[in-house]
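Enquirer: Questions regarding the structure given below will be posed in turn.
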Amino acid sequence: MTRSAIQRRAPLRSRPKPPEPKERVRPPVMPLQHCRGVYREASGAAPAIPKQVMTRDQRIRDSANGEECTVRLPGCPCRPDMTIWSHYRGSAGGKGAGLKASDRAGAYACTYCDAVYDGQRQRPAGMTKAEVDLAWHEGHIRSLLKLEQKGLL
């Protein structure tokens, strides 16, 4: 049995040509201008700040062993065997994406208070986030005084 080629009855429809891509116009490179101690692009956008590796001080972190919690949130067990060095979680202390804050920006906190401050545990009833942050900052000041007494600062 021999087969014959299939014959098309209707002509092929022509497809419209896609539009040619427009040429991208790049903005001109603006020179940097000095503005109040910061170099800014002439467009006004501030350049990205490079990450800085914070210095670590193992002595400060080890000094938390056996200390009292200085944050003292309601419900705090205040057990010296649970105290750790809690790092500040704001960018002013050197924290960034993938970076922990400097060891000098911290407080003696029990694991309960640290978990509440970091948002891993629910805040005590009636406390706002601002009040938790304030309690942590007060604990930071108390911790700095203790570090100064120990001769670590």
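Enquirer: Of everything in the range 90-115 that's over 17 Å from the mean Cα position of the chain (by Cα) and part of a helix (DSSP H, G or I), which residue is surrounded by the fewest Cβ atoms within 10 Å (Cβ to Cβ)?
Expert: By that ranking, first place goes to THR111.
Enquirer: Given ARG59, ARG142, which one is touching a Leu at 6+ places or on another chain (Cβ under 7 Å), touching a residue at least 60 places away in the same chain (Cβ under 8 Å), surrounded by fewer than 19 Cβ atoms within 10 Å (Cβ to Cβ) and at negative phi?
Expert: Every option except ARG59 fails the conditions.
Enquirer: Can you run down the residue pairs with Cβ atoms below 9 Å, 6 or more apart or on separate chains, where the first is in the range 76-91 and among the acidic types (Asp, Glu) and the partner is assigned to a loop (DSSP other than H, G, I, E, B)?
Expert: Short answer, once both residue conditions are applied: ASP81/ASN65; ASP81/GLY66.
Enquirer: Sticking with this one: Taking LEU134 as the residue in question, decide whether it is farther than 22 Å from ARG56 by Cα and outside any helix (DSSP H, G or I).
Expert: In short, no.
Enquirer: Tell me whether the range 68-83 contains one or more residues that are surrounded by 10 or more Cβ atoms within 10 Å (Cβ to Cβ), among the polar types (S, T, N, Q), part of a loop (DSSP other than H, G, I, E, B) and modelled with pLDDT of 85 or more.
Expert: yes
The values are calculated or read from the model by the stated rules, or taken from the named source; none is laboratory data. All of these numbers come straight from a predicted model, not from anything done at the bench. Heads up, the Cβs are rebuilt from the backbone with ideal geometry, glycines too, and the neighbour counts pull from every protein chain shown.
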